[in-house]
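The values are calculated or read from the model by the stated rules, or taken from the named source; none is laboratory data. Just so you know, these numbers come straight off a predicted model, no measurement behind them. Here Cβ is always computed from backbone atoms with ideal geometry, including for glycine, and neighbour counts include all displayed protein chains.
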């Protein structure tokens with residue numbers, strides 16, 4: 001029997017059990033996906049859970065805040081993505097070796113490509129959706145989610161600018177990716193938005209219950225060729241997304257990324273590719289009111 005779960009704190013409102021249990025059912029696999037709340041300072045509890053994966057009692061775990069970095073000292077091996085990003089969100093075992101991986105970056109990039117593939121217009125610089133080389137992306141925020149997004153975009157050939165309220169945090173993030181030329185900005189006003197074809201919000205601004213907040217200033221006017229990707233998926237349509245669509249722009253929330261990173265984790269644990277349709281259907285009518 002396959003035993004999976006999510007480590008974090010708090011985790012009571014996570015959608016992962018619905019998504020992953022739907023994947024197990026769709027693939028005809030016997031098992032379950034449960035929640036494992038571990039307080040931020042409970043390192044022994046964290047170690048004990050990971051030992052259950054190493055022993056084979058548990059097939060694998062997802063990891064969320066506040067343990068994406070806390071788990072690293074207890075792992076035997078890290079993927080190249082984890083070494084670059086500095087965070088783990090999926091754990092599995094291979095012959096007793098405990099491996100930490102990160103499916104946030106490829107999950108984001110996969111859903112971003114799906115989103116951009118639905119668009120057909122061309123930017124002033126000649127960039128077409130589906131061809132990202134030398135295209136300008138603006139990432140809002142410099143926290144843990146931003147690390148995965150910046151890594152994914154830089155690897156895919158985007159010119160990335162990181163804008164954060166704490167400029168030192170943005171610079172630290174930029175400097176951690178020495179293989180790429182990244183730029184930083186202290187505020188949106190310092191950026192020529194007409195040259196930006198993609199804005200990704202990695203901050204929690206606009207998340208329930210603060211649904212009337214946006215990471216962009218109220219009077220921000222964007223280029224007609226700009227696309228918006230908001231990692232926040234609660235509420236279904238954030239203020240950032242609503243405002244962008246009101247300007248006639250293409251915009252989406254991060255629910256697709258949530259599904260993609262979950263599907264990639266499921267494949268690591270089971271060796272099977274779950275049907276995305278079943279995973280989406282599991283939360284299509286679920287009233288998202290909190291993470």
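In segment 159-194, the residue that is nearest to residue 149 (Cα to Cα) out of those that are surrounded by fewer than 17 Cβ atoms within 10 Å (Cβ to Cβ) and in contact (Cβ under 8 Å) with a residue 60 or more places away in the chain is 176. The set of residues from segment 199-231 being over 21 Å from residue 169 (Cβ atoms) and buried (at least 21 other Cβ atoms within 10 Å of the Cβ) comprises 226, 227, 228.
The set of residues in segment 206-234 being touching a residue at least 60 places away in the same chain (Cβ under 8 Å) and closer than 16 Å to residue 145 by Cα consists of 207, 215, 229, 231.
Going by the conditions given, is residue 105 in a loop (DSSP other than H, G, I, E, B) and in contact with a helix residue (DSSP H, G or I) (Cβ under 6 Å, 6 or more places away or on another chain)? No; evaluated as a whole, the condition is false for this residue. Does residue 171 meet the test of being more than 23 Å from residue 224 (Cβ to Cβ) and not in a helix (DSSP H, G or I)? No: the conditions fail for residue 171. Checked against (1) under 25 Å from residue 142 (Cβ atoms); (2) free of Cβ contacts under 8 Å to residues at least 40 places away in the same chain; (3) assigned to a strand (DSSP E or B), residue 32 passes all but condition (1).
To keep it simple, each residue is scored yes or no on (1) assigned to a strand (DSSP E or B); (2) farther than 22 Å from residue 142 by Cα.
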| residue | (1), (2) |
| --- | --- |
| 206 | no, no |
| 221 | no, yes |
| 242 | no, yes |
| 245 | no, yes |
| 252 | yes, no |
| 259 | no, yes |
| 264 | no, yes |
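Every test in (1) loosely packed, with under 15 Cβ neighbours inside 10 Å; (2) within 22 Å of the chain's Cα centre (by Cα); (3) modelled with pLDDT of 95 or more is passed by residue 48 save one, and that test is (2).
Only one entry of 56, 45 meets the criterion of being assigned to a loop (DSSP other than H, G, I, E, B) and out of contact with any helix residue (DSSP H, G or I) (no Cβ under 7 Å at 6 or more places or on another chain), and that entry is 56. All of (1) closer than 17 Å to residue 89 by Cβ; (2) more than 19 Å from the chain's Cα centre (by Cα); (3) in a helix (DSSP H, G or I) hold for residue 40 with one exception: (3). Scanning segment 174-192 for residues that are more than 24 Å from residue 233 (Cα to Cα) and not in a loop (DSSP other than H, G, I, E, B) yields a count of 7. Any idea which residue in segment 73-93 is nearest to the chain's Cα centre (by Cα), counting only those that are within 24 Å of residue 259 (Cα to Cα) and free of Cβ contacts under 8 Å to residues at least 40 places away in the same chain? Checking each candidate, the answer is 88. Scanning segment 141-160 for residues that are outside any helix (DSSP H, G or I), closer than 21 Å to residue 193 by Cβ and under 15 Å from the mean Cα position of the chain (by Cα) yields 141, 142.
For (1) more than 30 Å from residue 236 (Cα to Cα); (2) crowded, with 19+ Cβ neighbours inside 10 Å, each residue gets a yes or a no:
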{"position": "37", "(1), (2)": "no, no"}
{"position": "59", "(1), (2)": "yes, yes"}
{"position": "62", "(1), (2)": "no, yes"}
{"position": "73", "(1), (2)": "yes, no"}
{"position": "103", "(1), (2)": "no, yes"}
